[in-house]
1. Under a plain spin-label model, where a point goes 7 Å from the Cα along Cα-to-Cβ, how far apart in nm are residue B:436 and residue B:449?
2. Take peptide A:25-31, look around each residue's Cβ out to 10 angstrom, count Cβ atoms belonging to other protein chains, and average those counts.
3. Taking Rh as the Kirkwood radius, which is the inverse of the mean 1/r over Cα pairs, what is the Rg/Rh value for the range B:199-245?
4. How much length is gained on full extension from residue B:246 to residue B:476, taking 0.36 nm per residue of separation minus their Cα-Cα distance?
5. Report the FRET efficiency, 1/(1 + (r/R0)^6), for residue B:503 and residue B:267, where r is their Cβ-Cβ distance and R0 is 35 Å, rounded to 0.05.
6. For a paramagnetic label modelled at 7 Å from the Cα of residue A:43 toward its Cβ, which residues of the range A:13-34 fall within the zone defined by backbone nitrogen distances under 14 Å?
7. Please give the average number of partner chain Cβ atoms lying within 10 Å of the Cβ of each residue in B:74-87, rounded to a whole number.
8. Assuming R0 = 45 Å, what is the FRET efficiency of residue B:218 and residue B:346, from their Cβ-Cβ distance, to the nearest 0.05?
């Protein structure tokens, strides 16, 4: 189908498991002006951020190669990428994990098993509407 | 008369027989030989008699000596008595033959012992025969004396040799013989009783030794204490487990030898120690005081500790508590296995969360239109899937919590918590669920904020579990009411439903870990663990839960939690 709106914003989805990637990607695709990029592990995620910084990152805490925590702290400690909002999520959902992530600079968190995908979408929306960048009129 | 009796008894009787006989031979022999000796003309006969007496005595002494050995065969003792008897009869016969007639002295010397032997050895025949012979002889004496008869042949020398009829009659008087019989019978009885007593003592000693051997070799450790809490008995297993030697612990205070420690390693004081508390139990129902103990540790002699599982019980004797015992085993391996099992359950539960989340994610996406328009049926199906996965999730969370609880490592952070906020969270969490069942939640709160001392998150979970239970039990289109109020020094949260009430049998099991809810009428397969968890988590925060249910009025669960301002410690761990 022809989509008249050209996505202007990108979301980087970092998740190693296919089903969740599919679920979140599909959910996020409900947002018209977003394009979803995917990374399967920490290294890939960092590479993609350097190539083209996204407007928001959804970061799984449990990843192969480099853990989500490592990616998080690396990005938040880098002046170039510090401003990118990061939502972390994990099945674990233990208080300690969440606290740790928030301390490292995460902007929000999601517990996979408790938060239906659409709520995720809402969180994303909230985080990004506060971050509206002034775009040139031409798309 | 008894024919068979214990060997020792026989030995004693034979000894008595030979001994008494020996004594008689000596005294009667002397009494008879001496007057004869003094009468001249009978020197030869006296010499002959003395020789025979000495010979007889020698044989008797040898037999007496042999019978003093214990442990010989049954037949040996019997043989001694029989041989002696035969010898006696033979000697009497021989003397009669040699003398051409019965010599009264000789007869006296041997008839009496024969009678005695009969009594002691239990051969009535023998001594009755002896007594008969004596009576006959006596009668003959009397008849001869009174010149009624004139004895011929064998009896003549005896009757006429000594004119001393009186003495002779006395010797042979049946009365005297009867007395001798009675006395030896009495002696026999005493001997029997004594040997029986000795045998009984041996049996008792053997039994005691057997019991001690049982206790000693038991696989479990055993410790017994007296009323003062001092150790009176221990077995080998105890020595191995504790490292103490038996002789070092008898009479010592229990707490010195075997201190009791909690799971945290804290020593339990004597007055709180189950084993010592038992010393005050009711002697009339000792069985009710028996306790099975686990979740404790003992300290060894070298200071190392080990977990144990066992039991304690009071010792009751003659209606009085005289002490207490404990039997226990090292539970280290049990604990290890338990820990592995717990870990496994935790891990498995954890792993289950992921696939369930995935199912949920797909279903939710579809419901939100990601895959396009849905038919009504598809929507219904997906909604069902969603609800089911939510339930699964809750079950897993509860399972995990229960496992963690069991481990004793769950932590609650007690702080000031506002009840209104807690209720709000609960309502939000269950909004969808409640709507699905066409139910309503009504909240009744007082004007003034109620602040309690609790762990906010677990309180939400607890109330949530109660609400979930209400949702399971109530009828469609009814209202679940959550009411909060302050009552004394407690905050009270009431969850009321308008359901059909909970069956009495179910009520009993409601807060236990077994799954009873599956048998309830409208059970949605509730967690089975949820309410147990609620109760346990509450108790960690010094709270309580109770339930009132009736078929007409529905069910009301009351959760009580201490209000802020009541004396409490800041944060606490379980146990």
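1. Label at residue B:436, label at residue B:449, 3.4 nm between them.
2. Mean number of neighbouring Cβ atoms from other chains: 3.
3. The Rg/Rh ratio comes out at 1.10.
4. Separation in residues times 0.36 nm, less the Cα-Cα distance, equals 75.8 nm.
5. 0.15
6. Nothing falls inside the zone, counting backbone N under 14 Å.
7. 0
8. E between residue B:218 and residue B:346, to the nearest 0.05, is 0.75.
FYI, it's all coordinate maths here, none of it is from the lab. The shown structure was predicted, so the numbers you read here are calculated from the model rather than taken from an experiment. Every residue, glycine among them, receives a Cβ derived from its backbone with ideal geometry; neighbour counts consider all protein chains shown.
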